[in-house]
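Here the structure comes first, spelled out in structure tokens, and everything after it is commentary.
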Amino acid sequence: MGTSIIEGHVDSATGGPSVFYRLGALRPGQTISIDRADGTTAVLRLDHVEQYPKHAFPTRQVYAHTSTPQLRLITCGGAGQFLAKLTHPAAPQRAGIARGARMSTMQDPAEHLLDLFELLTGDGTSEQLARVPATARAAGVDTTALARIERAGVLALRLRHTLTEHRRREAELAALFDTAGDLARVRDVDAVLRAIVHRARMLLGTDIAYLSLNDDGEGSTYMRVTDGSASALFQQVRLGMGEGLGGLVAQTVRPYATPSYFDDERFNHTEAIDAAVRDERLVAILGVPLKLGSSVIGVLYAAERNSRKFSPDEVALLSSLADHAAIAIDTARLLEETRSALTELNTAHDTIRNHNEAMRRAEQAHDRLTDLVLRGANVPEVAGAVAEVLGGGILVHDAEGTELARIDTTPLPPHAPSVRRSRTSGRAVMWQDNWVCAVLAGPELLGSLTLAGRGELADADRRLFERAGVVTALLLLLQRSTAEAEDKVRGELVTDVLTTSERDRAGVLARARRIGVDLNAAQVVAVAHTGAADRERLAAAASRYATQAGGLAGAHGKHVVLVLPARDAGATANTVVRELRAAVGDPVTVGAAGPSEGIDSVADTHAEAARCLEAMLTLGKQGQGAALADLGFLAVLLGDRTDLTGYVADTLGAVLDYDARRGTDLVHTLESYFACGSNLTRTGQVLHVHVNTVTQRLERIATLLGADWHHPERALEIQLALRLHHLTHRSRSTAAD
């Protein structure tokens with residue numbers, strides 16, 4: 001019990017990296033294992049990281065007695081600073097030696113499953129989870145139980161990965177919400193910027209994060225805030241406009257990332273910046289612009305001392321933090337302008353008082369909007385609050401122009417040119433008697449806000465409207481994360497439905513019921529394909545439609561599968577075609593089957609739907625929807641891998657044999673007759689024979705094929721056999737050549 005302390009160096013001038021060289025990269029939630037002399041292992045979880053000046057080292061906090069086991073990791077952070085790492089104990093871990101001895105003699109499979117649950121509830125690592133099946137195998141557990149334990153281990157690893165991703169998402173959203181709260185409450189812009197830079201470093205897990213601002217008077221950029229930096233040269237570097245990666249970001253007004261700074265020739269390298277980057281030992285750098293209107297006022301960076309590729313999600317997250325930093329700087333600028341006006345225009349105190357009142361109103365409104373988002377409000381609730389504050393009608397649309405909310409106004413589609421101007425400038429723009437603001441997450445367009453019927457807006461109201469756009473962006477990002485998680489669950493359930501065994505049937509039915517789907521009811525299975533849009537995009541559109549229809553959808557194999565509550569397979573296929581074509585903007589082909597009666601028949605229904613789709617693609621019916629019953633005998637012929645050679649022989653065999661024995665060409669006569677629309681005169685002209693000769697040949701064909709050969713259904717079969725014979729003959733000729 002109590003507090004333990006470990007001190008160590010980051011690096012040294014002669015020895016290079018030391019024991020705590022990577023200490024700055026630790027993030028809250030990670031675990032630390034310490035092997036004791038008695039053979040047991042203590043596992044602790046990182047609680048938080050603090051940085052203090054050397055002269056203000058928190059001696060009382062570090063060395064104070066605690067009622068629980070705690071560990072402090074202390075190291076020099078560079079430039080006379082110290083890092084204090086405070087940890088709390090993770091879930092209790094049994095001694096390593098004793099645990100190994102116990103598990104080697106365990107014969108009860110339940111004990112191993114219990115170990116998996118204990119590791120999951122105690123934040124056990126993936127390596128610990130993976131060792132449980134191996135321990136069970138070594139303990140001599142029987143084959144059947146061992147298979148179940150191994151399956152449970154796989155599911156536990158998958159659950160551990162899902163929980164880790166959810167925690168990462170929650171941490172990112174929490175940081176964005178905290179930053180939004182900072183903007184509304186904190187008046188010290190340096191404190192806000194330090195908090196933003198620190199959060200950027202923690203969320204992206206980089207060695208260092210920093211923010212540079214433009215000095216227009218000097219024509220250069222300077223380092224405003226750093227977090228994790230150990231180089232005084234780097235902290236004091238000043239660059240000319242257009243130099244380095246930051247210059248490229250400022251010139252193009254878009255994010256840039258490099259996995260290897262010194263090998264990247266896209267931007268202007270200078271001796272000053274290269275020396276500073278080399279002194280900080282940076283390798284991979286990501287930079288995003290801080291924008292005010294159409295101007296770039298600085299750059300927010302995240303950097304790593306090893307090579308690293310930054311994902312699009314990381315770029316979007318850093319861009320959102322950069323937007324908050326720009327708002328903080330802009331707010332600080334407005335407050336400074338207000339103070340100067342109070343000093344210089346003392347006689348205009350009434351105007352200043354009104355201005356301050358507008359600012360307070362904007363802050364209160366922003367607090368209210370932020371509080372709504374934090375309490376889980378939906379888009380209409382946030383739109384209603386904005387409409388109440390600004391005194392006008394509000395419309396919210398997504399990036400595709402779909403209306404998400406409408407308050408106190410008539411329907412009005414988003415004005416695309418105004419949305420583009422707002423997206424480019426980063427400001428709300430006026431359109432007729434309305435105002436339009438693009439809803440952005442970094443460079444990504446999430447949708448738009450329209451304030452209807454307000455005409456001219458005061459500057460404070462305009463900025464409040466723009467801040468409402470930022471809050472709406474946070475809300476839409478949260479909803480998208482939730483929807484992606486639900487889509488993933490539904491997509492996985494589709495695969496499980498199609499591959500479930502009798503043993504897993506009850507579990508699959510229960511999971512489906514939890515999301516409102518009754519797999520024992522009548523279900524139509526539809527298989528969708530598109531040659532233009534990627535499968536992920538099609539699967540996303542199918543998932544949205546299936547959720548609305550009360551069904552399931554997800555990628556399976558090379559296609560997208562929908563399981564929908566319906567009874568008419570053909571009508572369902574046509575509906576799915578319309579909905580998915582409108583969503584992805586490209587032709588979609590859908591084969592459907594059903595209805596299935598119960599979960600046991602879903603897999604067979606899916607197989608029939610897949611055969612229907614293959615038949616449609618073979619027949620050139622792209623962009624259409626149908627069931628097998630809609631395709632007639634052609635679907636049976638082409639959709640189920642029928643013997644085509646045998647079909648030709650059964651249909652035309654008598655004529656082919658006659659031609660082979662007699663040296664005639666009745667097959668060509670048949671082809672010409674059908675090609676001429678069954679017109680005897682035109683057929684004779686094509687064959688260069690008298691019409692009586694054509695009649696005689698057709699009589700011979702009737703003798704060989706039967707008197708009903710020219711009836712519509714039989715004629716269709718003969719024409720298909722002629723076409724297949726022609727294609728087969730041509731393929732053989734080509735192969736022979």
Please determine, by comparing only the residues of region 194-239 that are over 26 Å from ALA316 (Cβ atoms) and small (Gly, Ala, Ser), which one is surrounded by the fewest Cβ atoms within 10 Å (Cβ to Cβ). GLY217
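The rows are residues; the columns are (1) buried (at least 17 other Cβ atoms within 10 Å of the Cβ); (2) out of contact with any Ser or Thr (no Cβ under 8 Å at 6 or more places or on another chain); (3) in the same structural domain as VAL389 (by TED's automatic domain parsing); (4) at pLDDT below 75.
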| position | (1), (2), (3), (4) |
| --- | --- |
| ALA452 | yes, no, yes, no |
| GLU456 | no, yes, yes, no |
| ASP459 | no, yes, yes, no |
| ARG463 | yes, yes, yes, no |
| GLU466 | yes, yes, yes, no |
| LEU475 | yes, yes, yes, no |
| ASP487 | yes, no, no, yes |
| ARG490 | yes, no, no, yes |
| LEU493 | yes, yes, no, no |
When LEU248 is run through (1) modelled with pLDDT of 90 or more; (2) out of contact with any helix residue (DSSP H, G or I) (no Cβ under 8 Å at 6 or more places or on another chain); (3) among the aliphatic types (A, V, I, L, M), the failure sits at (1)
Quick one: what pairs do we get from region 107-118, first residue in contact (Cβ under 8 Å) with a residue 12 or more places away in the chain and over 18 Å from ARG158 (Cβ atoms), second small (Gly, Ala, Ser) and surrounded by 12 or more Cβ atoms within 10 Å (Cβ to Cβ), C-beta under 9 Å, 6+ apart or different chains? GLN107/ALA139; PRO109/ALA136; PRO109/ALA145
How many residues does region 11-40 contain that are of a type outside the set (D, E, K, R), modelled with pLDDT of 70 or more, surrounded by fewer than 13 Cβ atoms within 10 Å (Cβ to Cβ) and over 17 Å from THR125 (Cβ atoms)? 2
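So, ASP274, is that one under 24 Å from TYR21 (Cα atoms) and either out of contact with any Asp or Glu (no Cβ under 6 Å at 6 or more places or on another chain) or buried (at least 19 other Cβ atoms within 10 Å of the Cβ) (or both) or not?
On the way: under 24 Å from TYR21 (Cα atoms): yes; either out of contact with any Asp or Glu (no Cβ under 6 Å at 6 or more places or on another chain) or buried (at least 19 other Cβ atoms within 10 Å of the Cβ) (or both): yes.
Yes.
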Looking for something within 22 Å of ASP518 (Cβ to Cβ), at pLDDT 85 or above, assigned to a helix (DSSP H, G or I) and of a type outside the set (D, E, K, R) - is there at least one such residue anywhere in region 554-569? yes
Could you list all residues from region 211-240 that are within 24 Å of ARG305 (Cβ to Cβ), among the hydroxyl-bearing types (Ser, Thr, Tyr) and either outside the structural domain of ALA326 (by TED's automatic domain parsing) or part of a strand (DSSP E or B) (or both)? SER212, THR221, TYR222, THR226
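Looking at ALA573, ALA592, which is the one that is buried (at least 20 other Cβ atoms within 10 Å of the Cβ), under 16 Å from LEU498 (Cα atoms) and among the small types (Gly, Ala, Ser)?
On the way: ALA573 fails: under 16 Å from LEU498 (Cα atoms).
That would be ALA592, the only listed residue that is buried (at least 20 other Cβ atoms within 10 Å of the Cβ), under 16 Å from LEU498 (Cα atoms) and among the small types (Gly, Ala, Ser).
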Quick check: anything in region 279-292 surrounded by fewer than 18 Cβ atoms within 10 Å (Cβ to Cβ), touching a helix residue (DSSP H, G or I) at 6+ places or on another chain (Cβ under 7 Å), assigned to a helix (DSSP H, G or I) and not assigned by TED's automatic domain parsing to the domain that holds GLU50? yes
Sort through GLU388, GLU357 and tell me the only one that's part of a helix (DSSP H, G or I), more than 18 Å from ALA473 (Cβ to Cβ) and not assigned by TED's automatic domain parsing to the domain that holds LEU475. GLU357
Being at pLDDT 90 or above, surrounded by 13 or more Cβ atoms within 10 Å (Cβ to Cβ) and not polar (S, T, N, Q) narrows GLY639, GLY653, GLY684, GLY625 down to just GLY625
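Got a sec? Which of ALA377, ALA383 is in contact with a strand residue (DSSP E or B) (Cβ under 8 Å, 6 or more places away or on another chain) and either assigned by TED's automatic domain parsing to the domain that holds ARG454 or without any contact (Cβ under 8 Å) to a residue 40 or more places away in the chain (or both)? Reasoning before the result, please.
Details: ALA377 fails: in contact with a strand residue (DSSP E or B) (Cβ under 8 Å, 6 or more places away or on another chain).
Sole residue among the options that is in contact with a strand residue (DSSP E or B) (Cβ under 8 Å, 6 or more places away or on another chain) and either assigned by TED's automatic domain parsing to the domain that holds ARG454 or without any contact (Cβ under 8 Å) to a residue 40 or more places away in the chain (or both): ALA383.
Restricting to region 430-445, and then to whatever is buried (at least 19 other Cβ atoms within 10 Å of the Cβ) and under 22 Å from PRO380 (Cα atoms), can you tell me which residue is modelled with the lowest pLDDT? Steps first, please.
Residues of region 430-445 buried (at least 19 other Cβ atoms within 10 Å of the Cβ): 434-442.
Keeping just the survivors that are under 22 Å from PRO380 (Cα atoms) gives 434-441.
Details: ASN434: 89, TRP435: 91, VAL436: 91, CYS437: 91, ALA438: 91, VAL439: 89, LEU440: 88, ALA441: 83.
Here the residue is ALA441.
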Can you list residue pairs whose Cβ atoms sit under 8 Å apart, with the first residue in region 456-482 being closer than 15 Å to ASP323 by Cβ and the second being surrounded by fewer than 23 Cβ atoms within 10 Å (Cβ to Cβ) and of a type in the set (Phe, Trp, Tyr)? Count only pairs 6 or more apart in sequence or on different chains. LEU474/PHE177
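Considering only residues that are outside any helix (DSSP H, G or I) and not acidic (Asp, Glu), look in region 111-141 and name the one that is surrounded by the fewest Cβ atoms within 10 Å (Cβ to Cβ). Spell out how you get there, then give the answer.
Quick first cut of region 111-141, residues outside any helix (DSSP H, G or I) only: 122-125, 139-141.
Filter once more, keeping what is not acidic (Asp, Glu): 122, 124-125, 139-141.
Numbers: GLY122: 15, GLY124: 23, THR125: 14, ALA139: 18, GLY140: 11, VAL141: 21.
Among residues in region 111-141 that are outside any helix (DSSP H, G or I) and not acidic (Asp, Glu), the one surrounded by the fewest Cβ atoms within 10 Å (Cβ to Cβ) is GLY140.
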Quick one: what pairs do we get from region 652-672, first residue closer than 15 Å to THR695 by Cα, second of a type in the set (A, V, I, L, M) and surrounded by 14 or more Cβ atoms within 10 Å (Cβ to Cβ), C-beta under 6 Å, 6+ apart or different chains? LEU666/VAL655; LEU666/ILE701; VAL667/VAL655; GLU671/LEU722; SER672/VAL686; SER672/LEU687
Checking ALA428 against (1) within 21 Å of the chain's Cα centre (by Cα); (2) touching a residue at least 24 places away in the same chain (Cβ under 8 Å), which single condition isn't satisfied? (1)
What are the pairs with Cβ atoms under 6 angstrom where one residue, in region 596-608, is assigned to a helix (DSSP H, G or I) and the other, located anywhere, is among the hydrophobic types (A, V, I, L, M, F, W, C)? Sequence gap at least six, or different chains. ILE599/LEU519; VAL602/VAL497; ALA603/LEU498; THR605/VAL525; THR605/ALA593; HIS606/LEU498; HIS606/VAL525; GLU608/ALA593
Those residues of region 425-465 which are among the charged types (D, E, K, R) and over 22 Å from MET359 (Cα atoms) amount to ASP433, GLU444
Answer yes or no: is there a residue in region 504-519 that is surrounded by fewer than 18 Cβ atoms within 10 Å (Cβ to Cβ) and over 30 Å from ALA152 (Cα atoms). no
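Sort through LEU720, LEU716, LEU724 and tell me the only one that's assigned to a helix (DSSP H, G or I), under 15 Å from LEU652 (Cα atoms) and in contact with a helix residue (DSSP H, G or I) (Cβ under 7 Å, 6 or more places away or on another chain). Lay out the reasoning, then the answer.
On the way: LEU720 fails: in contact with a helix residue (DSSP H, G or I) (Cβ under 7 Å, 6 or more places away or on another chain); LEU716 fails: in contact with a helix residue (DSSP H, G or I) (Cβ under 7 Å, 6 or more places away or on another chain).
One residue alone meets the criteria, LEU724.
If I ask for residues that are outside any helix (DSSP H, G or I) and either touching a Lys or Arg at 6+ places or on another chain (Cβ under 9 Å) or of a type in the set (Ser, Thr, Tyr) (or both), which ones from region 304-342 would you list?
Step one: of region 304-342, the residues outside any helix (DSSP H, G or I) are 304-311.
Answer for region 304-342, where residues must be outside any helix (DSSP H, G or I) and either touching a Lys or Arg at 6+ places or on another chain (Cβ under 9 Å) or of a type in the set (Ser, Thr, Tyr) (or both): ARG305, SER307, SER311.
For the structure I just gave you, tell me whether GLY507 is out of contact with any strand residue (DSSP E or B) (no Cβ under 8 Å at 6 or more places or on another chain) and within 23 Å of GLN624 (Cβ to Cβ). Spell out how you get there, then give the answer.
Values: out of contact with any strand residue (DSSP E or B) (no Cβ under 8 Å at 6 or more places or on another chain): yes; within 23 Å of GLN624 (Cβ to Cβ): no.
When the stated conditions are applied, GLY507 does not pass them.
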With the condition kept exactly as written, say whether any residue in region 87-98 is within 30 Å of PRO17 (Cβ to Cβ) and either modelled with pLDDT of 80 or more or among the small types (Gly, Ala, Ser) (or both). yes
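The values are calculated or read from the model by the stated rules, or taken from the named source; none is laboratory data. From a predicted model like this one, the values you see are computed outputs, not experimental measurements. Don't worry about glycine lacking a Cβ; one is built from the backbone with ideal geometry, like all the others, and counts go over all protein chains shown.
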